[in-house]
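So the structure is just underneath, and the comments pick up after that.
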Amino acid sequence: MPQSGSYLVKEIFGPTIQGEGFHSGRACVFLRFAVCNLACTWCDTDFRPQGAESLSAEAIAQRLVALDVAKSRLVVVTGGEPSLQWDAELAAAVAEAGFTAHMESNGTRRLHAPVDWLTVSPKPHFHPRSLELVATDPSEIKVVIDDVVSAETLDGYQQRYPQVRHWFAQPCMDDRHEHHLARTLELIGERPSWRLSVQLHKLVGVP
Ligand code: SF4
């Protein structure tokens, strides 16, 4: 991990679109941190520290502003696991630069500073026992559907978070995507409060 006051950033990129969940299709820029506390086998993100940069909060905010040429002023904060590094100093710098911050977290860690929208994307079969969901106030829950996630798992999240209004099931885009999509549609068909999320950015070919 970098020294206090700096953040290990894998990439900052944009302008692009948010491809998943409630805000899919919205213009934004992305802040991707290095490092994750889980190791999901189908993870499609390179979050290794190799090649990451140690940046100050001010430098991150400046880069976001420079990339956000259309002034979406929406930053998607992701990783890796962004809650490992997101703190009050960075939240303040991003807010002062005019950005709304949306975070995607695996939900196993409490946030050290607030965000404007929190997507919890739990990875139940990759959580060791000690890493139960601790996120307290998700804005949406988005579950990647693979061969392992069960209907009981989805129902269990709704019991865990009765206050959440937005539920998304997203087929895993590995080499069994068609199978996962069919299963996702079946699960949604039996659970109308869940909605389909697809990785729109992959379908339209943007990062
Ligand atoms: S929690 Fe997310 S970033 Fe971390 S290993 Fe799993 S899919 Fe990858």
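General remarks:
- Hz values of 3J(HN,Hα) by residue in region 22-37 - Karplus curve (6.51, -1.76, 1.60), Gly and Pro given as x: 4, 9, 4, x, 7, 5, 6, 10, 10, 10, 10, 7, 7, 6, 9, 9
- Annotation for MET173 and ASP46: the two label points, set 7 Å from Cα along the Cα-Cβ direction, are 1.7 nm apart.
- If R0 is 30 Å, the Cβ-Cβ spacing of ASP116 and ARG195 corresponds to a FRET efficiency of close to 0.90.
- Relative to the dominant Cα principal axis of the chain, helix 151-160 is inclined by about 50°.
- For ILE145, the residues whose modelled amide H falls within less than 5 Å of its own, excluding neighbours fewer than 5 places apart on the same chain, are GLN170, CYS172.
- Counting only cysteine Cβ atoms and a cutoff under 4.7 Å, the chain contains unmatched residues CYS28, CYS36, CYS172.
- Residue order for SER56, SER197, fewest other beta carbons within 10 angstrom first, comes to SER56, SER197.
- Each Cα pair under 8 Å and six or more residues apart adds its separation to the average, and for region 6-204 the resulting relative contact order is 18 percent.
- Computed from Cα atoms, the angle from the helix 177-190 axis to the main principal axis of the chain rounds to 70 degrees.
- Sites listed here are GluC sites (Glu not before Pro) in region 24-108 whose DSSP assignment is loop and whose Cβ has at most 12 other Cβ atoms within 10 Å, and the list is empty.
- If you plug the beta carbon distance of ALA59 and GLN158 into 1/(1 + (r/R0)^6) with R0 = 45 Å, you get a FRET efficiency near 0.65.
- Antiparallel DSSP beta bridges within region 6-204, percent to nearest 5: 30
- Ellipticity estimate at 222 nm from DSSP helix runs (n ≥ 4, -39,500 (n - 2.57)) divided over the chain, nearest 500: -7000 deg cm²/dmol
- Binned Cα-Cα distances of the chain, short to long, each 5 Å bin given as a whole percent: 1, 7, 15, 20, 21, 17, 11, 6, 2, 0
- Karplus-derived 3J(HN,Hα), 6.51/-1.76/1.60, for each residue of region 87-103, Hz, glycine and proline x: 9, 5, 5, 6, 4, 5, 5, 5, 5, 5, 7, x, 8, 7, 10, 10, 10
- Our coupling estimate for region 163-172, obtained by passing each phi through the Karplus curve with A = 6.51, B = -1.76, C = 1.60 and θ = phi - 60°, is 7, 6, 9, 10, 10, 10, 10, 10, x, 4 Hz, Gly and Pro reported as x.
- Per-pair calculated FRET efficiency, R0 = 22 Å: SER24 and ALA182 via Cβ, rounded to 0.05: 0.60
Read the figures in this text as sums done on the coordinates, not as results from a lab. This is a predicted model, so every value here is computed, not measured. FYI the Cβ positions are ideal-geometry reconstructions off the backbone, even for glycines, and counts take in every protein chain you see.
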